[in-house]
Amino acid sequence: MIPARTGAVLFVLFVNPFITFAQSPEQVTKYRLVQSYEQSGDFPNAAKQYKELLTSEPSNFLYFDGLRRMYMQLKQYDDAIALLSGRLVGNPGDINMRGMLGSAYYKSGNDREAYAEWDRAIAFEPSNPNVYRAIANIMLENRLLDKTAELYRKARIACNDLNLFTIDLAQLLAISMDYEGSTQEYLRWLQQNPTQLTFVQSRMASFTGKEEGRAAALQVVRNELKSNGSQRLQELLAWLYLEGRNFEAAFEVYRTIDRLTRGQGATIYAFAERAFKERAFDVAAKGYLEAINTPISTTRLPYAQFGYACTLKELSILADTSSGVSVLSSVPSTESQPVYAGAIAYFRKIIEEYPHTEFAAKSYYQIGTMQFERYFDLDGAIHSLEKVESELPGLSVIVFDVSLKIGQVHVAKGDTAAAAVRFRKVIDASHATPDQQDEASYRLAELDYFGGKIDEAINRLGEISINLKADYANDALVLLSFLQENKSTAEAALKDFARADFLARQRKNTEAIPLFQRVINQYPQALLIDDALMKVATLQAQARLYADAIASYQRLLTEFKESSIALDKAQFSMGEIYQRELKDAQKAIAAYEKVLAEHPQSLLVTEARKRIRELRGDSM
């Protein structure tokens, strides 16, 4: 219920605006004129006109408030104080008026009188929360953050409600960088409103992104948990750990939550899913495995098992990449790369346990992808990928992904006709997604390029409605630019380059390297010579011809230092060879340092800096 005095003020505010329009046409015209002065920033003329209007009609609140605004805009604080004081003579209990008078005093530099006026306003109704809120808003307008916080706390005592202004105070303390106090207020709110955890997290996110804010919040929550081990507090603690990417600590909390809720591994599984998406694969693997062994419910079990297998795959990729230059030779990977054996074995376990299901189909797809991309076992990859179609032919989206992948395998086998059939199948499918159809078009454009049909490739690439978020989009744009640039300057060189590139796609390095070198020697003025040198160096590294690869990279860096866009990549690749293959730490450091010094805008700078720290043994 609104108190009498406050109600009187609101009545004046909402009723008086209509009084103006009951006046003479001359006054209405003058009021519109003064509004135009105010809106255009002509405050002196606006003040003059408002004063004349108020003199003609002293009871009109719109005229009074307009004149007050102009005085404040013009910093004529003494005039504003006199105006407000005169208004209060007839209505001393007007809370809003006293609040504005206090603001005028504060802006004039008279802090003592400002606080006195605000205290007088509160004294009229010392147990009314609305009065405190009105004065607090005026204090906030004057950036009196500490004083406002003090007022909120005073209101709690005066109104006998310790939960009053909880959110207001929490936000205010966060702005004041009192993160500990802010967290305590949010916990107070959460205790009263346990279903609003998401709301509390969204508000706390304003400061938990900062290390100091997150540390303060963690300390407060941990202290509270000593006496109150509620599920909501545990969830808030886990969220704070995740905000700081401390997945190990978050995992321990989610274990506790799972026990509290008797989740039977469901909460741990949900955490593992989050950790996987955040690429925290080590702890994701632990989470999936614990959920599986709990055991989780039979409906969720296959999801957890598939997640675990995918995590093993990602961990294998990381281990493979960190063990050397991340390019594979044509040596069958079943012997050269046993690191993937665990992931493949687990996917096969899923196939055995859930035959003719979505999980079996997806597992075959993952196995086929690894056989192709990691092992270069082309026949094995096609066998596994075709199994997806026979296991679950109705799973349309996966079927189209399978066709795209099988088409790429056929390209690697040199069978462009079979590859084209697969890609056209996706383009012609009414249920394929636009992204899948665009990718299929891009793959067909590649086939045109490999076959020397440059115009056809350009036309096809130009028709693709490229989604820049798709994995292949950047490759499509690069290929289109490369073809357009080189067709007009050296089409013969471009066609020879395309034939060499097709051999490289088949990992026929011993045939591709000489053909690229012939392009370099036969067309020395062609714009693609630096691209050919980069291809040669990469293939030489794959073939473990490290000295030759370094020489090719160095030639690129020397002869094309003013024109090539691949200089940073060449410099970084040299560092990789020195570090991973030749085990020459000093030369590797020197190569990475050149990336930092000569290519400061490169996307490889962060990784180069990380490699330097690793080689020097610096703390991360």
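We did not get these values from a lab; they are worked out from the coordinates using the rules stated. Remember, predicted model here, so these are calculated numbers, not experimental data. Cβ atoms come from the backbone with ideal geometry, glycine included; neighbour counts cover every protein chain shown.
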Original post:
What does the charge count near GLU598 come to, summing +1 for each Lys or Arg and -1 for each Asp or Glu among other residues with Cβ under 15 Å from its Cβ?
Top reply: +1
Subject >> Alpha carbon centroid spacing (whole Å) that separates the range 114-182 from the range 357-424 >> reply: 66 Å
**OP:** Pull out the extension gain between LYS610 and HIS356, defined as 0.36 nm times the separation in residues minus the alpha carbon to alpha carbon distance; nm, one decimal.
**Re:** 86.9 nm
Subject >> Total formal charge among the other residues, if their Cβ is under 12 angstrom from that of ALA345, Lys/Arg +1 and Asp/Glu -1 >> reply: +2
Original post:
Roughly speaking, what is the stretch gain from ILE565 to GLU491, that is 0.36 nm per residue apart minus the C-alpha to C-alpha distance, in nm to one decimal?
Top reply: 24.6 nm
Original post:
Does anyone have the angle between helix 396-413 and the longest principal axis of the chain? Alpha-carbon axes, 0 to 90°, nearest 10?
Top reply: 40 degrees
Original post:
What's the angle, to the nearest 10 degrees (0 to 90), between helix 43-56's Cα axis and the longest principal axis of the chain?
Top reply: 40 degrees
Subject >> Leading residue at positive end of dipole, the chain (Cβ point charges), from ALA266, MET97, ALA116 >> reply: ALA116
Original post:
Which log10 I(q)/I(0) values, to two decimals, does the range 472-620 give at q = 0.13, 0.20 Å⁻¹ under the Debye formula with one point per Cα?
Top reply: -0.63, -1.26
Original post:
Can you work out the FRET efficiency for the pair ALA215 and GLN171, with r the C-beta to C-beta distance and R0 = 22 Å, to the nearest 0.05?
Top reply: 0.65
Original post:
So, by mean Cβ neighbours within 10 angstrom, what's the order for 519-525, 608-614, 182-188 with the highest one leading?
Top reply: 182-188, 608-614, 519-525
**OP:** Specify which labelled value, from (i) 28.1; (ii) 41.0; (iii) 50.7, agrees with mean projected area of the Cα convex hull in nm² derived from the coordinates of the model shown.
**Re:** (ii)
Original post:
So how far apart, in nm, are the two label points at ASN293 and ASP119 if each is 7 Å from Cα heading toward Cβ?
Top reply: 6.7 nm
Original post:
Short version: ³J(HN,Hα) in whole Hz for each residue of the range 449-459, in order, from phi by Karplus 6.51 cos²θ - 1.76 cosθ + 1.60 (θ = phi - 60°), x for Gly and Pro, what are they?
Top reply: 4, 4, x, x, 8, 5, 4, 4, 5, 4, 4
Original post:
How big is the gap, in Å, between the Cα center of the range 281-295 and the Cα center of the range 498-559?
Top reply: 45 Å
**OP:** Quick one: angle between helix 166-175 and the longest Cα principal axis of the chain, in degrees between 0 and 90, rounded to 10, please.
**Re:** 70 degrees
Original post:
Rounded, prolate or oblate: which one fits the range 123-174, using the alpha carbon gyration tensor with axes a ≥ b ≥ c (rounded when a/c is under 1.5, else prolate when a/b beats b/c, else oblate)?
Top reply: oblate
**OP:** Quick one: which residues, 5+ away or cross-chain, put their amide H under 5 Å from the amide H of THR433? H built at 1.01 Å from N.
**Re:** none
**OP:** Using label points projected 7 Å from each Cα along Cα→Cβ, tell me how many nm separate ALA590 and THR195, to one decimal.
**Re:** 6.9 nm
